[in-house]
Amino acid sequence: MARIDWRFAALGGAAIGVALSSLGGGADLGLTAPLLAIAAVLLVITRPAGRSGLALWMSLVGIVAAGAGLVEGSARLAAIDRGALRGGAGEGASVIGFVEGVPRRSHGTVRVRVRAPRGRVLVEAREPVGELPIGIEVRARGRLRPPPPDYAGYLRRFGIRLILEGSIEPTGRRRGGALGLVDAVRQRADRALGRSVPEREAALARGFVLGQDDRIDQATVDDFKRSGLAHLLAVSGENVLLLALLATPLLALAGLGLRSRLACILVLIALYVAVTGASPSIQRAGVMGAAGVVAALAGRPRSRAYALLLAAFVTLAANPRASGDPGWQLSFAAVLGIVLWAPQLRQLIERRLAPSSPGSVRSALIEGAAVTIAATLATAPLMAHDFEAVPAASLPANLMALPAVAPAMWLGMLASIAGQVPGLPVEPFNWLDSLLLAYIAQVAHWWAAPSWALVPLRLGSWPAVAGAYAMLALGLATASALVHRRVALTPGIPLRRGRRGAALALAACCCLALGLLIAGGAAGAGAPAPRTGLRLELLDVGQGDAILLQPADGLPILVDGGPHGDDLRGILAGQGVDRLAAAVVTHDQADHAGGIEDILGAVPVQTLVYGDPSPPLLRAASAAGIGAVHVAEGSEVRSGSLRVEVLWPPRGEPAVPGADPNLHAIVAVARWQGFSALLTADAEAESVPVDPGPVDVLKVAHHGSADAGLDGLLDRSGPRLALISVGAGNSYGHPTAETLAKLARHHVPVARTDLDGTVEIDVGDGGWTVKRSH
């Protein structure tokens, strides 16, 4: 027993040390080395004597292991950071390197990680860009810029510090060596999964099996996100574990013993990692899944903890910053939840439905349901923390998709394996797999449709997350007590019958207290996100523009802020907004940019978005520690499901010094699902030719001033409502009678801030409604 405890303490300490190294970013360790040496000497000369001596010795083991983990993690981080491309912002650069990750394509922009001899860099280019499979050599040219603050941490996990914005093209070469062999395996699997199946199902198969989701259309991706099925589109430890655990009853049905089943599943996971290309994310998924299988099948709790600690250490040793990655957190939480809660949930289900015989189809479905419920519950608090929303439809959607998930993965794996052998047919696997994938996609679409599918919930602090997990554990213990007539807060240690009532009361009180704590934290966390999906508010800021966009599943975006001194901060607070994903300055005029400048440093803003640079505004953003991003035609700003697509000004055509800034103002379309609003700032259609296609709402340019091009814009866009931001009794004569007459001729109703005050548009799946504050 002492030997196991020693190993457990050493592994736990090492995992903690590696994780802590990411807090220092690989910086100088200072006194760590001498302290580590002292602890090591004490460890050698100390002899365990009795329980107190053993406890001291175990503590020293943990300290030495933690110190060693800290040293290893810091060295690893320093090595990762040394591999980053460096340069000055705005500096021209040209690199030749190999694609390292799956490209991300989003509304005309391609983003891909490239590893070049000069260092790793994220290349951002405009479409059209051809296929960019992992391992292909590319040439990229453009200018360097730092990533926005909310994106910088994500890129640092890959050892990337800069974005190269420009062009990218394949050279036709591929990398060689062991990585080249892995690339070849992945490419053959990719081609095999696309044979003789519809395009959507082929893209889904690549996402399920290879983790390559770049070819899945955006509408399908949104459905999977809103329904809580997004984890199926990227290989994770949860997916690997789910596949392995669902295979367990089949192996038991074949008459294999526990150890034989475990060996077969581990071989299956290793085969899966190899066939899918063994990228770092898939390797991590394999390690997590294997640890979860060992833990789930282990007979003793200590063995389960050891397996999970080993997985944590291995994945963190490869990249200590992985602990800050939401994907790592969710994967580990899912595996931990399955190991801890799936057995209890299976017993609860069987208790209600009557036991099933081992190896039967009914037993497999019950096992799968328990695994799905455990993983869903275990990831919900982290979803609320990392994404500020919880898919309310996740549990029913996952249960409904459950019968098809494992067979779809199995068939995809078989097709990938068969595709490695030239001439071997894969079509039978793909045909059946496409039916299952179509069913899963339909389930995602059904459960993504309700407006309540994604519930906004923000757990802004780690204590709130810990409270949520405590509440879940107590809730499951209470449910177990009600079904089994006993409480098992610790597995295998039931409370005596006389204490059952007190334990139930305690659990209920703790659940209530923690629920109130979390609800209070969520309520005080910021914007009361609209329940309808998107809330667009034309704020009454007098003679100026300020448009607030609040998606239910993301932070608000503010487009312009009205003039100086109009208490924009107070107006935002009145709308329940205490931080912004982005503040967009359409052009550098006081009635649009003044309010934005007032709130910089007073209201947390993740990114300042601008068209033409305004030195005072950029200095204010820099002083407040806010990243600034330049946009032009083709750029996009996103928050949750909200997309703000920039249509004007043209890319590569800077404003002429001294020219009217209105002519270079940002014109954008805000889109949420099927709803769209054209935001024109002060850019009249007669001077700024844009063709947004049909839109629901038009924000009339320049406060309703005369616009000779308005008729044509109304013909092209066909809005159902026009918004005019204008000050009451202004001296400019806005809005002009000519503009109002044109809107009337096109039968477009008008809402205006001088008469209606703040105008609120609530958008949901069933349509949209308009409210006027006056």
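The values are calculated or read from the model by the stated rules, or taken from the named source; none is laboratory data. These figures come from a predicted structure and were not determined experimentally. We place every Cβ from the backbone using ideal geometry, glycine too, and count neighbours over all the protein chains shown. Surface accessibility is based on the protein's heavy atoms, side chains included, excluding ligands, DNA and RNA. Shrake-Rupley method; radii C 1.70, N 1.55, O 1.52, S 1.80 Å.
Numerical summary
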| item | result |
| --- | --- |
| Spacing of the two label points (7 Å from each Cα toward its C-beta) at Q347 and R362, in nm | 2.1 nm |
| Simple label model, 7 Å out from Cα along Cβ direction - R191 to V455, nm | 4.9 nm |
| Whole-Hz ³J(HN,Hα) from phi, Karplus 6.51 cos²θ - 1.76 cosθ + 1.60, for segment 184-200, glycine and proline x | 5, 4, 5, 5, 5, 5, 4, 5, 5, 5, x, 6, 6, 9, x, 4, 5 |
| Area accessible to solvent at S731, 1.4 Å probe radius, in Å² | 110 Å² |
| Theoretical gain in end-to-end length, R619 to R82 [0.36 nm per residue, Cα-Cα removed] | 190.3 nm |
| Nonlocal amide H pairs with V455, under 5 Å, H built at 1.01 Å | V390, A392 |
| Length released on extending from A254 to A744, taking residue separation times 0.36 nm less the Cα-Cα span | 168.9 nm |
| Filtered GluC sites (Glu not before Pro), segment 104-173: DSSP coil and at most 15 other beta carbons within 10 Å | E131 |
| Tensor-based shape of segment 613-722 (alpha-carbon gyration tensor, a/c under 1.5 rounded, otherwise prolate or oblate) | oblate |
| ³J(HN,Hα), Karplus 6.51/-1.76/1.60, whole Hz, each residue of segment 462-473, x for Gly, Pro | 5, x, 5, 5, 4, x, 5, 5, 4, 5, 4, 4 |
| Residue-span extension gain [Y732 to L399] - 0.36 nm each, minus C-alpha spacing | 113.8 nm |
| Amide H within-cut-off set for I136, under 5 Å, with H built and near neighbours excluded | V99 |
| Segments 425-437, 538-550 sorted - mean Cβ within 10 Å per residue, highest first | 538-550, 425-437 |
| Peptide ranges 706-712, 158-164, 343-349 listed from the most packed, as the mean C-beta count within 10 angstrom indicates | 158-164, 343-349, 706-712 |
| In sequence order, calculated HN-Hα J values of segment 401-406 (Karplus, 6.51, -1.76, 1.60; Hz; x Gly/Pro) | 7, 3, x, 9, 5, 4 |
| H630 accessible area, 1.4 Å probe, all protein chains in place, Å² to nearest 10 | 100 Å² |
| D578-R173 FRET efficiency (beta carbon distance; Förster radius 51 Å; 0.05 resolution) | 0.50 |
| Inter-centroid distance (Cα atoms) of segment 383-462 relative to segment 122-187, Å | 27 Å |
| Under-5 Å amide H pairs with T109, H placed in peptide plane, nonlocal only | E127 |
| Proximal aspartates and glutamates to K771, defined as alpha-carbon separation beneath 19 angstrom and excluding residues fewer than eight positions away on the same chain | E537, D540, D545, D696, D754, D756, E760, D762 |
| Nearest-0.05 FRET efficiency for S59 and E636, computed from C-beta distance (R0 51 Å) | 0.45 |
| Computed FRET value (nearest 0.05) for L663 with T109, which takes r as the C-beta separation and R₀ as 30 Å | 0.75 |
| Lys, Arg +1 and Asp, Glu -1 on Cβ, resulting dipole of segment 626-774 about Cα centre, debye, nearest 20 | 340 debye |
